[in-house]
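Participant: The structure follows.
The values are calculated or read from the model by the stated rules, or taken from the named source; none is laboratory data. Values in this document were obtained by computation on a predicted structure and should not be read as measured data. Please note: Cβ atoms are built from the backbone with ideal geometry, for glycine as well, and neighbour counts cover all protein chains shown. The accessibility values were calculated without ligands, DNA or RNA, using every heavy atom of the protein model including side chains. Shrake-Rupley method; radii C 1.70, N 1.55, O 1.52, S 1.80 Å.
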Amino acid sequence: MENILCNMIKINRGNDVLVLDKVKKYGWEGLTFPGGHVEKVESITESVIREAKEETNLDIENIKYVGMISWYDMDNDDRIVGFLYETDDFSGELIKENIEGTLEFIDYEELKNMDGHSDSMGEIFAIYDGKYSEIVLYYQDNKCVKKECYK
């Protein structure tokens, strides 16, 4: 069994949010928020700040923890835990394209109704909207077979 830690940051600019149209990895492509893996020698908070800088070129501050989402693979007993953060405090010049995909600010409510979201974005929106603080998704044969939601 392996536990993999990752993060995601919702960067707000008024009603708009910074969206990554990710093309790099199978299963994670589509519209999502910036984020990535936690390195072994860093805190979750440090990883969010680093990933935001690497993917967007923005310096973020005053980040707020919002909740977590887990993807549990029942076939191999692996679990990915994603820590979700947000901020509206950032500076720097946005890089609009990187190895992961393209970045742009989009109205948050419009984003939720758009096609082409990355896997699990519906659940991630529910956490960012305050409906839940934690969601666990259980996968078998690459299909979600169970979902547990906690307030």
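Participant: Considering only residues that are touching an Asp or Glu at 6+ places or on another chain (Cβ under 7 Å) and either among the hydroxyl-bearing types (S, T, Y) or more than 23 Å from I106 (Cβ to Cβ) (or both), which ones fall in region 5-49?
Facilitator: S47
Participant: What's the number of the condition V41 fails, among (1) modelled with pLDDT of 95 or more; (2) exposed (fewer than 12 other Cβ atoms within 10 Å of the Cβ)?
Facilitator: Failed condition: (1).
Participant: Filter region 61-86 down to the residues that are of a type outside the set (K, R), over 13 Å from the mean Cα position of the chain (by Cα) and assigned to a strand (DSSP E or B) and list them by number.
Facilitator: Across region 61-86, the qualifying residues are E61, Y72, D73, D78.
Participant: Out of all the residues in region 124-151, which are touching a residue at least 24 places away in the same chain (Cβ under 8 Å), under 14 Å from the mean Cα position of the chain (by Cα) and open to solvent by less than 40 Å² (accessible area, probe 1.4 Å)?
Facilitator: I124, I127, Y128, I135
Participant: For region 27-60, enumerate the residues that are under 12 Å from the mean Cα position of the chain (by Cα) and among the β-branched types (V, I, T).
Facilitator: T32, V48
Participant: I'm trying to understand the selection: among the residues of region 88-123, which are surrounded by 13 or more Cβ atoms within 10 Å (Cβ to Cβ), within 13 Å of the chain's Cα centre (by Cα) and either at pLDDT 95 or above or not in a loop (DSSP other than H, G, I, E, B) (or both)?
Facilitator: H117, M121, E123
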